[in-house]
Each structure stands twice: as C-alpha cells, then as structure tokens.
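Q: Mind looking over this structure? Questions follow.
The values are calculated or read from the model by the stated rules, or taken from the named source; none is laboratory data. All of these numbers come straight from a predicted model, not from anything done at the bench. FYI the Cβ positions are ideal-geometry reconstructions off the backbone, even for glycines, and counts take in every protein chain you see.
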Amino acid sequence: MADLTDLGLSEYESRAYRGILDVGPATANELSDTSGVPMGRIYDVLGSIESQHLVRSQAASRPKKYVAVEPETALDRLLEDRKRELREEAEQYESVVDSLVRDLEGPPKPEEGFWTAEVGADGALDLLLERIAAAEESVDVVSGATSSSFDVRTASDDIADAISATLDRGADVRILLSPAAIEAYPSHVDDASMADFGATDGFEVRVGDAVYGDVIVIDGTEVCVGFPNPVEPEEPFALIDLTDPAFAAQIVAEFERGWEAADAVGDARADGGCP
C-alpha cells in the first residue's frame, strides 16, 4: 500500500501531516498527542513539512497553530520535488560519466582470433550496439534479409541512435541491402530513421541484387555475423563477434565488390528494383 514515505517524507513527517488532516488547526502539543510524534521532535518535524509547503502556520496565535494544505495540492508538490531531485541526480550521473569517459582509456584491441558470442535476440542486439559504439573509423553493414540475430523492427530506434553516435565520432557508415531486406522493413530504409541520416557526411545506403547474409564489419578488423535459429530459421538466434584482420579483409573485399555493383536506394526504387 502506498504511503507518504514513498514520496520522500520521513515516518514522523508522514504522521504529523496525517495528524493535522485528522484534527484540523492544532498546536504542536496537540499534534504530538494526535500523531505520536515525540514532543522533543515535533517542532523540527513541523518546520520540515512547512518548508515543503505541506502545512501552513498561524504565527500570530499563541501558541502557534498549524493547518494542513489540501492533500491533492500537497501530493502534487511532493511529486514535483521528487521529479526535480531525480533530474538533478540524473544530471550528476551524466556529469560523472562524462568525466570518466575522459579519464578511462579504452581497452586494447583483442588479439587476432579472439571471438565472443551472444545467443538470443536481446543479447545479440546488446553485443551489436556495443561493437558499433566501439567503432572509430568505419561500420560496413550487409543485410540480405531481416536480421538473423535480432528483430530490426523493435530494435530500430536503438540502432539508429548507435549509428548517429558513430557518425558524430567521425566514422563512416555504409549499409548494403538486398531488395528483400527493403521489402521486409521499408520504413527503416528511406523513411523514419534512415531518412534522418540521408544528408549526413559519411553515411550511405545502397541496394544490390547479389546481397546475402547478415554481416557487419567494424573498423575493417572486426566482424559480427548473425545466425538464424537452426530449428526456426525465421527467428533471430545469435550473433558472433570475431576479431581477425585477415578474415575481415576478405569480407571487406567482397563488400566492396557488392558495393560497386549496387545502386543508391533512390535509384534502385526509380528503376523498379525495389517495391
């Protein structure tokens, strides 16, 4: 059951406010008796909830009397105070992160042949976003159909944010799609997120007929390969991340061949190659 303490009041403050609601205008002595707040604490407690604009005092009376602010107004004030505190706390955390980003050095590149994998759509997406975030120079994407490692439809916003941050760092992003990939999720190519990057330097999308698989190359040395569920091929399944410059170079060479033969998204549509 919800309580005033859930909105930041102490137990004594909660009791005092409820006590004033019960008895109406009252002195500190009366409220101590009604609320059960010890007399030695009641003045501090009343001063605290008055500073939070939950009660008003009649200073001219002797002894001073207190009256409660209407519950709806009091609760709104408590809610706004908590929201403000959360905003301030979030800003403090962001400041800490900004400072640590400057202070902490990135890990050394894994040795050749190092690999890791995530099974399941959520884990695969997290791994992909992590690797895109680590890109310093380039991200080359090949998508022959819907992703075999995660659901692009539900992940599109996260992917768009990762691409945007990568472009902001000065890295190039190239995306090579098949007509089937565009047909599967057109809103992610020339509408919505992709359209936002259309005029951005270093970002380009092309469409080619000879495009297969689900592969992403990071900085020309690291390869992320998606795998479908072997039992249910239509379901996303896993993503493997492999650091191997020689293997990545072979993938990049094939990417360049497909890239040169592909058309820009708008040209492919104009030629009738895409729906």
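Q: Taking the condition touching a residue at least 40 places away in the same chain (Cβ under 8 Å), surrounded by 15 or more Cβ atoms within 10 Å (Cβ to Cβ), part of a helix (DSSP H, G or I) and outside the structural domain of Ala133 (by TED's automatic domain parsing), does Ile42 pass?
A: No, not satisfied.
Q: Scan region 45-77 for residues that are under 44 Å from the mean Cα position of the chain (by Cα), buried (at least 19 other Cβ atoms within 10 Å of the Cβ) and not in a loop (DSSP other than H, G, I, E, B) and jot them down.
A: Within region 45-77, Val45, Leu46, Ile49, Val55, Ala68, Ala74 meet the criteria.
Q: Across region 113-132, what is the number of residues that are surrounded by 13 or more Cβ atoms within 10 Å (Cβ to Cβ) and either among the hydrophobic types (A, V, I, L, M, F, W, C) or in a loop (DSSP other than H, G, I, E, B) (or both)?
A: Residues in region 113-132 being surrounded by 13 or more Cβ atoms within 10 Å (Cβ to Cβ) and either among the hydrophobic types (A, V, I, L, M, F, W, C) or in a loop (DSSP other than H, G, I, E, B) (or both): 11 in total.
Q: A further question on this structure: Among the residues of region 165-183, write down those that are part of a helix (DSSP H, G or I) and closer than 21 Å to Gly213 by Cα.
A: If the condition is that a residue be part of a helix (DSSP H, G or I) and closer than 21 Å to Gly213 by Cα, then Pro179, Ala180, Ala181, Ile182, Glu183 are the ones that fit.
Q: Is it true that Ala16 is in the same structural domain as Pro63 (by TED's automatic domain parsing), among the aliphatic types (A, V, I, L, M) and either surrounded by 15 or more Cβ atoms within 10 Å (Cβ to Cβ) or more than 23 Å from Glu80 (Cα to Cα) (or both)?
A: yes
Q: Among the residues of region 1-12, are any part of a helix (DSSP H, G or I) and among the β-branched types (Val, Ile, Thr)?
A: yes
Q: Report yes if some residue within region 256-268 is loosely packed, with under 13 Cβ neighbours inside 10 Å and either part of a loop (DSSP other than H, G, I, E, B) or modelled with pLDDT under 90 (or both); otherwise report no.
A: Within region 256-268 (the criterion being loosely packed, with under 13 Cβ neighbours inside 10 Å and either part of a loop (DSSP other than H, G, I, E, B) or modelled with pLDDT under 90 (or both)), the answer is yes, since at least one residue qualifies.
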